[in-house]
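Structure first, commentary second.
Coordinate-derived values only; no laboratory data. In this text the structure is predicted, and so the values were computed from the model without any measurement. No Cβ is skipped: glycine too gets one built from the backbone with ideal geometry, and neighbour counts run over all protein chains shown.
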Amino acid sequence: MSALLTIKGLSVRFGGVQALSALDLEAPAGAITALIGPNGAGKTTAINCVSGVVAPDAGRVSFDGQEVLGLAGHKLACLGLTRTFQNLQVFGLMNALENVMVGLHAASRGGFAAAMLRLPLLRREEKAIRERAEEMLSFFGLEKVAHQPAEELAYGDQKRLELARALAGRPRLMLLDEPVAGLNAAETHEIGGLIVKIKEQGIGVVLVEHDMGLVMHVSDQVAVLSGGVLIAQGTPEEIQQDPEVLRTYLGGGEEFGLVA
Amino acid sequence: MSAQGKKFFGCLAALAAVLALLPLVVTNPYYLNVLNVVALNVLVVTGLNLLIGYAGQISLGHAAFFGLGAYISGILSGSYGWEPWTALLAAAVVVAVVALVIGLPTLRLEGNYLVMATLGFNLIVSVLMVQLDDITGGPSGYTGIPSLSFFGAPIASDISFYWLAWGAVLVGLILARNLVHSRVGRGLKALHEAPLAAAASGVPIEAYKVKVFVISAVYASVAGSLYAHYYGIITPATFDIFKSVELVTMCIVGGMGSLWGGLFGAALLTPMPQLLAVVEEYKDIFFGGILLVLLIFLPQGLVGWLEGKRVRPGGRAF
């Protein structure tokens, strides 16, 4: 499998903190690449660099052979790279359906003039957007809350709404920043199943997550960050037996689902 | 048509019916004149609402765009003999370019730099209107602006302008409503609520802010041109920063993010100075006070308050 996303030598410094040191990482299409590590390891920073939220000090990021560092945030979605956020970023006052429809922004064309004049082309596009959004809501089991403002949804529903929004535009790679943080075991299990289904559509997934049970269960490969440095990389089985990883987790192997 | 669409066009039809019947009751030219000024304010506020209520950007310079529309259209037709409709269009194009020049650098920055930029812009435009007296007529104003015409018939009387101005309001409302309920409209609301997520979804945030700012400036310009050709005389004082505050107040009184709210806000506040002599004397304090009280006690505006909902950018409009 050739890599869809290639990160090379990515370094970020926030004041006196070296958040990332020369990170190399590859994520192929149709596979789940997990990025794990203790708090402050640089996982979210890595995702923020790729998605254009943080400008790195050094390094390269290419998506499907194209250099993407420095591109405006919205261009990435047009290339087929979407993300979710660790701290929820739903459009709280818009209903769930509209939230997902925004996710189809990059996959549609109509501009200001066409919108104001409500051109026939636009009506067809609007219909297609709505249908795709409804399809997404039912895929994520949100059809019942389609017309509720997103801020009124239960936390777990908001988490799934973010996934629905990121998946709606048929991306080729999704960056998921802690999709099950704060969810109970049943909800985590359900989202795990959905992420596998997303992968089965041929979409690449980069999964940043603390829930080791989920990570070890769904991932095809796992990369471990600590203090901004990549300390191990391999299949879930390899990672669970890596002595360096076990040390990093301070012997708390069992606690994190790691069995030496 | 969606349920929302039915509701909007139902309300619009009701508004059109009321507007069609009003002249049967209101025959006094003074009251017709007030209604005409209301219409022009509604037009500006509708555009302003797209900017403030949906994209979440505040402009304190819309009186300047209103004034530029009036002066450019007035001078081109009055001093240079342009056909008034052509002059109106030319003014709109010039104002669009001016708004673009202001919007491009300021809307890139995070935070509300647009407020400062537009405020300064309004002050400059006011000074130019007074100082360029060879062209603008100076502080006493510019006179001799010809009326617009409709197939050769001049739109000079209060009643003929009534039809024109309110016709423009209906068209302006429909265009704005179409925009709000579109892919672009959703993008505007999204960038207001969660800019990071909007960008990650493919919404070009800067470009959208600039475009909606330009559109709102064009609404103001068209209203200003109509104003100039209606009155035939324009003075700089009409377009000072206090007029900008007034327009923002109307927008907020009615309810940000509700196009009907803009209509109510303008309809409610426009006649105040005319109806209450006390208010006219202290007009600027009056509008400033209303703005302050509203932002503290009724941030969702009248329409939002009537619907018993909290403030929501665009979420509730129709």
| field | Unit charges at the beta carbon, dipole of chain B: most positive-side option, B:Ala220, B:Val303, B:Leu68 | value | B:Val303
| Per-residue mean of other chain beta-carbon atoms within 10 angstrom of the beta-carbon, peptide B:112-118? | 0
| query | Which of B:Ile58, A:Ile195, B:Ile155 sits closest to the plus end of the dipole of the protein assembly as shown, meaning its Cα is farthest towards the positive end, when Lys and Arg get +1 and Asp and Glu get -1 on the C-beta? | reply | B:Ile155
| query | How about B:Lys7: which aspartates and glutamates have a C-alpha closer than 16 Å to its C-alpha, ignoring those fewer than 8 places off in the same chain? | reply | B:Glu307
| query | With contacts defined as alpha carbon pairs under 8 Å and 6 or more residues apart, what's the relative contact order of segment A:92-170 in percent? | reply | 55 percent
| query | Using the Cβ atoms and a cut-off under 11 Å, what net charge is assigned to the surroundings of A:Val208, where Lys and Arg are +1 and Asp and Glu are -1? | reply | -2
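Please compute the contact order of chain B in relative form: average sequence separation of alpha-carbon pairs under 8 Å and at least six residues apart, divided by the residue count, as a percent. Let's see the in-between values first.
Values: 513 pairs, mean separation 98.1, N = 318.
This gives 31 percent for chain B.
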| note | Simple SL model, points at 7 angstrom along Cα→Cβ for B:Ala16 and A:Val17; separation in nm is 6.0 nm
| message | Tell me which DSSP H helices of chain B clear both cut-offs, 30 Å or more of axial length from alpha-carbon atoms and a mean Kyte-Doolittle hydropathy of at least -1.0. | response | B:3-25, B:84-106, B:158-180, B:205-231
| said: How far apart, in nanometres, would the label points at B:Leu268 and B:Ala90 be if each is projected 7 angstrom from Cα along the Cα-to-Cβ direction? | reply: 4.1 nm
| task | Using only the Cα atoms of chain A, each taken as one equal point scatterer with no solvent, compute I(q) by the Debye sum, divide by I(0), and report log10 of the ratio at q = 0.07, 0.09, 0.10, 0.16 Å⁻¹. | result | -0.25, -0.41, -0.51, -1.22
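Estimate the FRET efficiency between A:Asp57 and A:Glu143 by the formula 1/(1 + (r/R0)^6), using the beta-carbon distance for r and 56 Å for R0, to the nearest 0.05. The partial results should precede the final answer.
On the way: r = 45 Å, r/R0 = 0.80.
Once the sixth-power term is evaluated, E becomes 0.80.
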| message | What lysines does B:Lys283 reach when the alpha-carbon gap must be under 27 Å and sequence neighbours fewer than 8 apart in one chain are set aside? | response | B:Lys243
| request: Could you work out which residue, out of B:Ala63, B:Ala223, B:Ala99, moves most in a Gaussian network model of chain B, that is, has the largest mean-square fluctuation with Cα springs under 10 Å? | output: B:Ala99
| task | First measure r as the distance between the Cβ atoms of B:Met116 and B:Ala3, then evaluate 1/(1 + (r/R0)^6) with R0 = 56 Å and state the FRET efficiency to the nearest 0.05. | result | 0.85
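Greater than 24 Å separation of Cα atoms is the criterion. Which listed pairs, A:Lys43/A:Lys144; A:Lys127/A:Lys159; A:Lys8/A:Lys75, meet it?
Values: A:Lys43/A:Lys144 34 Å; A:Lys127/A:Lys159 26 Å; A:Lys8/A:Lys75 21 Å.
Correct reply: A:Lys43/A:Lys144; A:Lys127/A:Lys159.
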| field | Unit charges at the beta carbon, dipole of the protein assembly as shown: most positive-side option, A:Leu88, A:Leu35, B:Trp166 | value | B:Trp166
| remark: Counting all Cα-Cα pairs in the protein assembly as shown, those more than 43 Å apart amount in percent to 31 percent
| field | Rounded FRET efficiency, nearest 0.05, which uses the C-beta distance separating A:Lys197 from A:Arg130 and R0 of 22 Å | value | 0.50
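With +1 on the Cβ of every Lys and Arg and -1 on the Cβ of every Asp and Glu, and nothing else charged, how large is the dipole of chain A about its Cα centre, in debye rounded to the nearest 20? If you can, show how the numbers build up before the last one.
Values: 22 positive and 30 negative charges, 238 e Å.
Around 1140 debye, computed over chain A.
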| Roughly what % of DSSP beta bridges within the protein assembly as shown run antiparallel, to the nearest 5? | 60 percent
| query | Hey, can you rank A:106-118, A:57-69, A:205-217 by average C-beta count inside 10 Å, highest first? | reply | A:205-217, A:106-118, A:57-69
| request: Place a +1 charge on the Cβ of each Lys and Arg in chain B and a -1 charge on the Cβ of each Asp and Glu, then give the dipole magnitude about the Cα centre in debye, rounded to the nearest 20. | output: 1320 debye
